[in-house]
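Here is the structure we will look at.
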Amino acid sequence: MRRISRVFTALGLLLGCANLAQAQEYPRPAVPDLDRLTQELFAEVQNDQVPYEDLYETLLQYYQTPLNINTAAREELRALLLLSETQITNLLDHRGKTGGLLSLYELQSIDGFDLRTIYRLAPFVTVQTPDPNTTRGPLWQRIRQEDNNALFLRYERGLQARRGYSAPDTVRGRPTTRYLGSPDKLLVRYRVSRARDFSLGFTAEKDAGEPLTWSPSTRRYGADFYSGHFLVQERGRLKALALGDYQLQFGQGLLLSSGLAVGKGAETITTLRRSSVGLRPYSSVLENSFFRGAAATVAVTSTLRATGFASRKRVDASFTQRQDTLGDFAEVASSLQLSGMHRTPSELANRQVLRETVLGGNLSYASRSGDLTLGITAISTQFDKPLLRRPEAYNAYEFSGRHNLAISAHYSYVWRNTLLFGETARSSSGGLGTVNGLLASLAPNLDVSVLYRSYARNFHSFYGNALSENTRNINESGLYLGLKLRPVARWELSAYYDKFSFPWLKYQVGAPSQGHDWLVRVTFSPTKTSLLYAQLRQRTKAYDADTLRPVPLPVPTQRRSLLLFYDASPLPLLSLRTRVQGTQYRADEGPRRHGYVLAQDVTVSPLPHLRFSGRYALFDTDDYDTRQYVYEQDVLYAFTVPVLAGRGTRSYVLTQVDVNRHLTLWLRYAETHYRHQQVIGSGLEEIQGPRRSDIKFQARYRF
């Protein structure tokens, strides 16, 4: 009864906020609402396997260096993830007929651009006539004078003592495992950049538990992770040159995919396709999703571009000794380690022990109108030691050996209000992967999407991230159908249905299996500054039953989630966000288990240079299977989606102060309090007591 009462209380709060917000309408603030846009694109997907940080940082980079829509090509406009193909075509036609836009307000005169689209687009684009890069001085002078030039310092720490940081004791005469470093997490980041001109930056990071050690013999130089890049663009025929760390994206991401990938969500049309944005600088803190070396893109002709790249870096891996001394290899890597954590002796033993060399290139053709693009990509990956998975049945078709060569062909074609796109690839094993899709505007208020994908059980791609249900593009086939309908003003319906199957075994799935996933979201915008939506999602997948049967028995598990969300700004200095989120989980014919979270967010800006944000949330889940993921606001360039399981409360307070035009400070405190629980976590992360809290401080100095 208490659960039902809380749900009705939250619904009453939603309706009350709606009535308050309808009294007045205020213009959108100049500062972009990245938090709201992030939630719309990520669609509240309950998943902890998505690299949100990379995509979130991509959105922030568009804000820091907005795209000039008077010069942007079709692929660049697609990469914004905010415009449909019809909107892009209409914008390009408008530019061709009347020349460049004089103001963003001119977008209102272009067919298909409603107010919501313009509000979402405005923070990430600019209108510049003429192009400021046409009369640029020396590079060093532009770097020195660039306004987008900032240094970030960040400090984080958990306030409760975790078992991994306690004083070592002995068990049977041997010291137990402990973290080797302090619980402090440190980050230093510097970047200066200008759109379509240059980017220069470096990053240094130490995770909690990692030691600060200077040991060149073990490739440890203070912080655990360093990254740096230098990129120049638009130098005549040289379209881009990158030194240091970089990313590449071509086609639909089967072989090369950067952070511009959202996947399945409530945005069922624009985020389905991928854009061939080519070479991009890398400045994130994910330690395994980038290349390190050099890359260049050259315009062979006005319609033909060639990209070549070379990368060499060390990656984490687990090593084992082969028992058969007559085998081809004496020492093999049993798996690649992707966590990026190096806190314990065993994690440090896996650090940078495998050398990876990657060579490749892309040749792309784009018609003068941009309607037709074709391309081929080749990527060769070489390890200095062989990779051989553990002898489990589900690993039978995984990559093994030292070398993998993958080649793909991709295309996209715009015909009237329809976009056809796809990519097909083959790896050294002979495995094929293909993804092909269609986006169409059947009416001014109706868009549809179709995408078919098939990744063979022996298809291998180390840097691919095309749309899939799995975390990797292997052992899967599926058909995706999407819909977006705007029946009347202020209302929008979006939905998708995805049917997928796995021809071979998977981890925790001991037989071929299949499943489906569908989502429906209804969105209503009562005013210019408010948004209300209801979302229902269901995903059915098979997992091995928890039995003692000698043969694995996969059984269907169903996860159904409901989300109600209301965002309103009843006053220019006040923003309110209310969330009701619940989950029902059932395995085979077993009992239904439930989980929910109720959250209220408040953001107040009493002064132009001061901003307070906070949340108070109640959560109650029957077990970990019904856990809840809820996006939280954080300091700039940080992304937080905590896992809430059990019973308790979650709250945080975030303060942002613009001290002057150069210095901005952030301070964040977050706490989770569990009811009827005196031990939190397990292993080295175990905390004695019912609370887990952390503090985060960040300073940005703009030169």
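The values are calculated or read from the model by the stated rules, or taken from the named source; none is laboratory data. Treat the numbers as computed from the prediction; the structure is a model and nothing was measured. For neighbour counting, all protein chains shown are included, and Cβ atoms are generated from backbone atoms with ideal geometry for every residue, glycine included.
Elements of the type strands (runs of 3 or more DSSP E) sitting completely within segment 289-388 and holding at least 3 residues that are at pLDDT 95 or above and closer than 27 Å to residue 427 by Cα: these cover 291-299, 304-315, 354-366, 372-387. If residue 424 meets every condition in (1) surrounded by 16 or more Cβ atoms within 10 Å (Cβ to Cβ); (2) over 24 Å from the mean Cα position of the chain (by Cα); (3) under 14 Å from residue 251 (Cβ atoms) apart from one, which number is that one? The number of the failed condition is (2).
Residues that are touching a residue at least 60 places away in the same chain (Cβ under 8 Å) and either touching a helix residue (DSSP H, G or I) at 6+ places or on another chain (Cβ under 9 Å) or over 30 Å from residue 117 (Cα atoms) (or both) within segment 486-522 comprise 504, 505, 506, 507, 509, 510, listed in sequence order.
Considering the conditions (1) buried (at least 19 other Cβ atoms within 10 Å of the Cβ); (2) at pLDDT 95 or above; (3) in contact with a Phe, Trp or Tyr (Cβ under 8 Å, 6 or more places away or on another chain); (4) closer than 25 Å to residue 564 by Cβ, residue 632 is excluded by exactly one of them, (2). The set of residues in segment 561-592 that are of a type in the set (D, E, K, R), surrounded by fewer than 16 Cβ atoms within 10 Å (Cβ to Cβ) and modelled with pLDDT of 90 or more contains only 592.
Looking only at segment 438-448, how many residues end up being touching a Lys or Arg at 6+ places or on another chain (Cβ under 8 Å) and either small (Gly, Ala, Ser) or buried (at least 21 other Cβ atoms within 10 Å of the Cβ) (or both)? Result for segment 438-448: 2. Of the candidates 596, 543, the single residue that is over 23 Å from the mean Cα position of the chain (by Cα), within 30 Å of residue 507 (Cβ to Cβ) and at pLDDT 95 or above is 596. Of the residues 196, 178, the single one that is among the charged types (D, E, K, R), part of a loop (DSSP other than H, G, I, E, B), on the phi > 0 side of the Ramachandran plot and at pLDDT below 95 is 196.
Among residues belonging to segment 637-695 that are aromatic (Phe, Trp, Tyr) and assigned to a loop (DSSP other than H, G, I, E, B), point out the one that is modelled with the lowest pLDDT. The residue in question is 639. Please go through segment 209-251 and give me each residue that is touching a helix residue (DSSP H, G or I) at 6+ places or on another chain (Cβ under 7 Å) and either without any contact (Cβ under 8 Å) to a residue 24 or more places away in the chain or of a type in the set (Gly, Ala, Ser) (or both), ordered by number. Hit for segment 209-251 is 209, nothing else.
On the basis of being in contact with a Pro (Cβ under 7 Å, 6 or more places away or on another chain) and under 22 Å from residue 156 (Cβ atoms), does residue 181 make the cut? So residue 181 fits the description; yes. In segment 534-556, which residues are assigned to a strand (DSSP E or B) and either touching a residue at least 60 places away in the same chain (Cβ under 8 Å) or charged (D, E, K, R) (or both)? Answer for segment 534-556, where residues must be assigned to a strand (DSSP E or B) and either touching a residue at least 60 places away in the same chain (Cβ under 8 Å) or charged (D, E, K, R) (or both): 535, 537, 539, 541, 544. Quick test for you: out of 289, 311, pick the one residue that is touching a Lys or Arg at 6+ places or on another chain (Cβ under 6 Å), surrounded by fewer than 22 Cβ atoms within 10 Å (Cβ to Cβ) and polar (S, T, N, Q). None of the others qualify; the one that does is 311.
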